[in-house]
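Take a look at the structure below.
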Amino acid sequence: LTHMPRGPGLARLIGALVFALIIIPVSIQALDTLNISAISTPARSMLNGIGEAIPNVIGATLIIVVAYIIGRWIASLVENGLRSIGFDDIISSIARAEPVRSAMDKMDPTPGVDTVDMAAFPPSRMIGLAVLIGIVLFASVEAARALQFTAMADMLTGVVSMATQVLFGAVIIAFGVLLANILAAATAKSGGPSAEILGVFVRWGVIILAVAVGLRFMGLANEIIVLAFGLILGAVAVAVAISFGIGGRDAAKKLMDRWTS
């Protein structure tokens, strides 16, 4: 244990625990020998409670420690595996593609600033860290159950479930934003008379759709999302009807004459 980074402190803690486990029953036996039952009886009850709790505490600690060690190993395997198959290069190439870079330059037109810098914290390390956190959270649930902390186990179970939903929802939103930038840049690059306006509509349409799907997957405010989409579609329909009926009466008359003829 002394060769570990925190070895001396851990060894000292184990020594203190062993000292307590030896000195407490010896002290109680000494009090029984002196026939001081007013002190020895509560002390024996306390010792019995400590003795019953110690195996659960040791088991919960071992669960978390073993899960952390296994999680570090699995996270390292995931990170190295993703890096070996070129996952970081794929994400970097997608992020540095011309449509995405042009879209990012429009969003942040600062000259000489590279908006995509994944060398410090590559995507494979992010996924490995997420795997480690997930394994430790699962182990924390089992450790709380071993300690018979029902409320904490239920709370951690809810946190794990919500974290999974939030993670996948965030992935959906991130890919939606990436796809929106690519499609918008490709649309604006066509060079048509209304290409730039169409690119703006494509970008924000895809982003709104991805955000809605991500939030629905997260389970956050489903009724509000449905109501917002209904209001947006209704407002667009009313706006198109008003603009076509009032602002484009001549075009509407020509179109109706063509249909009726």
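I'd like the full set of residues that are buried (at least 16 other Cβ atoms within 10 Å of the Cβ) and either modelled with pLDDT of 85 or more or in a loop (DSSP other than H, G, I, E, B) (or both), limited to the stretch 119-130.
Of everything in the stretch 119-130, just one residue is buried (at least 16 other Cβ atoms within 10 Å of the Cβ) and either modelled with pLDDT of 85 or more or in a loop (DSSP other than H, G, I, E, B) (or both), namely PRO122.
Could you pull out the residue among ALA95, ALA103, ALA43 that is over 19 Å from VAL131 (Cα atoms) and at pLDDT 75 or above?
ALA43 is the lone residue from the list that is over 19 Å from VAL131 (Cα atoms) and at pLDDT 75 or above.
Within the stretch 155-168, does at least one residue satisfy the condition of being more than 20 Å from ALA67 (Cα to Cα), without any contact (Cβ under 8 Å) to a residue 60 or more places away in the chain, aromatic (Phe, Trp, Tyr) and open to solvent by 60 Å² or more (accessible area, probe 1.4 Å)?
Looking for residues that are more than 20 Å from ALA67 (Cα to Cα), without any contact (Cβ under 8 Å) to a residue 60 or more places away in the chain, aromatic (Phe, Trp, Tyr) and open to solvent by 60 Å² or more (accessible area, probe 1.4 Å), one finds at least one in the stretch 155-168, hence yes.
Is there a residue being of a type outside the set (Lys, Arg), more than 16 Å from the chain's Cα centre (by Cα), at pLDDT 80 or above and not in a helix (DSSP H, G or I) anywhere in the stretch 149-168?
Yes: the stretch 149-168 contains one or more residues that are of a type outside the set (Lys, Arg), more than 16 Å from the chain's Cα centre (by Cα), at pLDDT 80 or above and not in a helix (DSSP H, G or I).
Which condition breaks for ASN80 when tested against (1) surrounded by fewer than 16 Cβ atoms within 10 Å (Cβ to Cβ); (2) assigned to a helix (DSSP H, G or I); (3) in contact with a helix residue (DSSP H, G or I) (Cβ under 9 Å, 6 or more places away or on another chain); (4) modelled with pLDDT under 80?
With respect to (1) surrounded by fewer than 16 Cβ atoms within 10 Å (Cβ to Cβ); (2) assigned to a helix (DSSP H, G or I); (3) in contact with a helix residue (DSSP H, G or I) (Cβ under 9 Å, 6 or more places away or on another chain); (4) modelled with pLDDT under 80, ASN80 is out only on (4).
Can you give me the number of residues within the stretch 1-35 that are open to solvent by 60 Å² or more (accessible area, probe 1.4 Å) and either part of a helix (DSSP H, G or I) or modelled with pLDDT of 75 or more (or both)?
Qualifying residue count for the region: 16.
The values are calculated or read from the model by the stated rules, or taken from the named source; none is laboratory data. The model shown is predicted, which means the values in this text are computed figures rather than measured ones. Cβ sites come from the backbone with ideal geometry, for glycine too, and all protein chains shown count toward neighbours. Ligands, DNA and RNA are excluded from the accessible area calculation, which covers all protein heavy atoms including side chains. Shrake-Rupley method; radii C 1.70, N 1.55, O 1.52, S 1.80 Å.
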